[in-house]
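Undergrad: Can you keep this structure in mind? I'll have questions shortly.
Read the figures in this text as sums done on the coordinates, not as results from a lab. Small disclaimer: the values here were computed from a predicted structure and weren't measured. Every residue, glycine as well, gets a Cβ built from its backbone with ideal geometry; the counts of neighbours run over all protein chains shown.
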Amino acid sequence: MSDRKKIWFIVNPISGTRNKAGIVAAIHKYMTPDRFEVEIRYTQRKGHAAQIAAEAIERGVDVVVAVGGDGTVNETARALIHTDVALGIVPCGSGNGLARHLCLPMNPEKALTVISECNIHSLDYGLINGQPFFCTAGVGFDAFLSDKFNKSGHRGLLSYVENAIMAGVTYKSETYELEIEGGPEAEESRQVHKAFLITCANASQYGNDFYIAPHASMSDGLMDVTVMEPFTLLEAPAIAYQMSHRTITRNSHIHSFKCKALTIHRLQPGVIHYDGDPKDEAADVRVELVPGDIRMVVNVHKKPRR
């Protein structure tokens, strides 16, 4: 029994629309006692997943599995960076950006099959003003929308789309100066853009298979930066179509590049976002990539751009 792995499941009982009772039953089906020592914990409030994950680290757990939406996944992941404890995901949210990038099954039982195989890779994550992120972070419309959505008190894809439409009509693009460090050619450069948004991507998508950085990898030591210049309302459907078909980088309003670090200079303080969580910050924003410092259970049967 000494070779058994300790595995904790952090279950958010209210995320998404899926009944978690069936998932809990499936956990015991796939995590057989000859291979796993299982413990199941339930979150009770925002921030609780991180507290449970921190306890798991102290208790010598091998794998912590987030069973919930992007919020639960990101809370758990932030607690596990720079440790030997691996993150697993059973996606149960509306977006599931990180899980989709990693080609993890959206079906819970199939996701548990992947977790039971325990194939673990060391992957990259990002920091924006010291806050860890795993999919995307940035400034501009995304951050503005995250703030509006957070304050609306409503969750789910429909509410997000409603907020996006309402905010998109009135949002004003800003001018940014970028200091780019450690690109593929190891050159530093400065750029100035009037931009609708600037997204720094460790993974390829926001969620729901909307790809803001379709060529992003979580194992190349670089982040993909997407600068979206202002566009007209008539051009919005084409941009949405290209994002859903992984062709957004072909759009004439898009400038993209890879780098290790980026400093964004704004004219005034404002909101940023990290994996959809908004935060008010100073005018200058520092974003950097941390290579290979979080361990994750991956799906070796498919080949995402990790």
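Undergrad: Mind telling me which of Ala99, Ala201, Ala56 comes out most flexible in a GNM of the chain, alpha-carbon contacts under 10 Å?
TA: Highest fluctuation among the options: Ala56.
Undergrad: Any chance you could run the full-extension gain for Glu235 through His265? It's 0.36 nm times the residue separation minus the Cα-Cα distance, nm to one decimal.
TA: Working: separation 30, 0.36 × 30 = 10.80 nm, distance 2.74 nm.
So the chain would gain 8.1 nm between Glu235 and His265.
Undergrad: Over the range 5-118, how many pairs of lysines fall under 22 Å by alpha carbon, counting only those 8 or more apart in sequence or from different chains?
TA: Eligible lysine pairs with Cα atoms under 22 Å apart amount to 9.
Undergrad: Hey, got the dipole for the range 131-291? About the Cα centre, +1 on K and R Cβ, -1 on D and E Cβ, debye to the nearest 20? Each step should come with its number before you reach the end.
TA: Working: 13 positive and 21 negative charges, 87 e Å.
Charge dipole, the range 131-291, about its Cα centre: 420 debye, nearest 20.
Undergrad: Pop a pseudo-label 7 angstrom from the Cα along the beta-carbon direction at both Lys5 and His82 and give the gap in nm to one decimal.
TA: In this crude label model, Lys5 to His82 measures out at 2.5 nm.
Undergrad: Here is a further query. Provide Thr232, Thr32 in ascending order of the number of other Cβ atoms located within 10 Å of each residue's Cβ, fewest first. Write out the running numbers ahead of the final one.
TA: Numbers: Thr232 7, Thr32 11.
Lowest count first: Thr232, Thr32.
Undergrad: Another question, then. With r as the distance between the Cβ atoms of Met106 and Asp293 and R0 = 25 Å, compute the FRET efficiency 1/(1 + (r/R0)^6) and round to 0.05. Write out the running numbers ahead of the final one.
TA: On the way: r = 27 Å, r/R0 = 1.08.
Given R0 = 25 Å and the Cβ-Cβ separation, E is 0.40.
Undergrad: Next question. Count the DSSP beta bridges whose two residues both fall in the range 1-142, then state the antiparallel fraction as a percent rounded to the nearest 5.
TA: On the way: 3 of 21 bridges.
In the range 1-142, approximately 15 percent of DSSP beta bridges are antiparallel ones.
Undergrad: Restrict the search to the range 2-85; then list the trypsin sites (Lys or Arg not before Pro) that DSSP places in a loop and that have at most 11 other Cβ atoms within 10 Å of their Cβ.
TA: Those satisfying the criteria are Arg45, Lys46, Arg59.
Undergrad: Using the alpha carbon gyration tensor of the range 131-291, what are the three equivalent-ellipsoid semi-axes (square root of 5 times each eigenvalue), largest first, in whole Å?
TA: Working from the Cα gyration tensor, I get semi-axes of 23, 18, 16 Å.
Undergrad: Next question, about the same structure. Just check the range 21-88 against the gyration tensor rule for me: Cα atoms, a ≥ b ≥ c as the square roots of the eigenvalues, rounded for a/c under 1.5, and otherwise prolate or oblate depending on whether a/b exceeds b/c. Can you show the working numbers first?
TA: Values: a/c = 1.99, a/b = 1.25, b/c = 1.59.
Oblate is the answer for the range 21-88, as a/c is 1.5 or above yet b/c matches or exceeds a/b.
Undergrad: Assign unit charges at the C-beta atoms only (+1 for Lys and Arg, -1 for Asp and Glu), then state the dipole size of the chain relative to its Cα centre in Debye, rounded to the nearest 20. Display every interim value, and only then the final one.
TA: Numbers: 32 positive and 35 negative charges, 206 e Å.
For this selection, approximately 980 debye.
Undergrad: Right, here's the next one. Give me the percent relative contact order of the range 239-306, please, defined on Cα pairs under 8 angstrom at least 6 residues apart.
TA: Values: 51 pairs, mean separation 15.8, N = 68.
Once normalised by length, the contact order is 23 percent.
Undergrad: Does anything in the range 56-93 have its amide N under 13 Å from the 7 Å Cα→Cβ label point of Glu39, and if so which residues?
TA: 56-65
Undergrad: Test of the criteria: in the range 186-254, which GluC sites (Glu not before Pro) are in a DSSP loop and have at most 10 other Cβ atoms within 10 angstrom of their Cβ?
TA: Values: sites: Glu187, Glu188, Glu235; in loops: Glu187, Glu188.
Sparse-neighbourhood loop GluC sites (Glu not before Pro): Glu187.
Undergrad: Further question on the same structure: In deg cm²/dmol and to the nearest 500, what is the mean residue ellipticity at 222 nm of the chain if only DSSP H runs of at least 4 residues count, each as -39500 (n - 2.57), divided by the residue total? Write out the running numbers ahead of the final one.
TA: Working: 8 runs with 83 residues, N = 306.
-8000 deg cm²/dmol, from helical runs alone.
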